[in-house]
Amino acid sequence: MLKSDILKKLESRQKNLSDNDIEQVFNIFTKKIINALNEGKKVELRGFGTLKKKVNKAKEVRNPKTNEKVFKKESFKLHFKIGKILHNKLNSKLKGDE
């Protein structure tokens with residue numbers, strides 16, 4: 001699902017808000033999540049899941065083609081753990097399809 005699809009759904013459900021207001025709220029929401037992750041905080045959306053920033057430590061690796069040693073800088077990745085409610089909803093949909 002794309003951002004534009006999400007905004008269209010929200011616009012159809014929230015007739016009292018303008019399209020611009022809905023987009024601003026969505027942008028604030030995503031920026032708050034990004035800022036919290038950058039500060040090293042865990043973001044929990046009850047029923048949906050938990051987002052956490054994980055560190056890939058700096059290390060020396062080998063280029064498989066040339067066998068040359070290369071230093072890889074520290075980097076970050078996003079870890080998502082699915083919430084119980086979302087997990088149950090996804091699995092109940094799958095069981096119903098059989």
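Some observations on this one:
- Output for region 9-53, where each listed residue is aromatic (Phe, Trp, Tyr) and either touching a residue at least 40 places away in the same chain (Cβ under 8 Å) or not assigned by TED's automatic domain parsing to the domain that holds Lys84 (or both): Phe26, Phe29
Yes/no per residue for (1) at positive phi; (2) part of a helix (DSSP H, G or I); (3) at pLDDT 95 or above:
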residue	(1), (2), (3)
Ile33	no, yes, yes
Val55	no, no, no
Asn67	yes, no, no
Lys81	no, no, yes
Leu86	no, yes, no
Lys89	no, yes, no
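- Among the residues making up region 1-18, those that are in a helix (DSSP H, G or I) and of a type outside the set (Ser, Thr, Tyr) are Lys3, Asp5, Ile6, Leu7, Lys8, Lys9, Leu10, Glu11, Arg13.
The values are calculated or read from the model by the stated rules, or taken from the named source; none is laboratory data. As the structure is a prediction and not an experimental result, all values here were calculated from the model. Ideal geometry is used to build each Cβ from the backbone, glycine not excepted, and the neighbour counts take in all protein chains shown.
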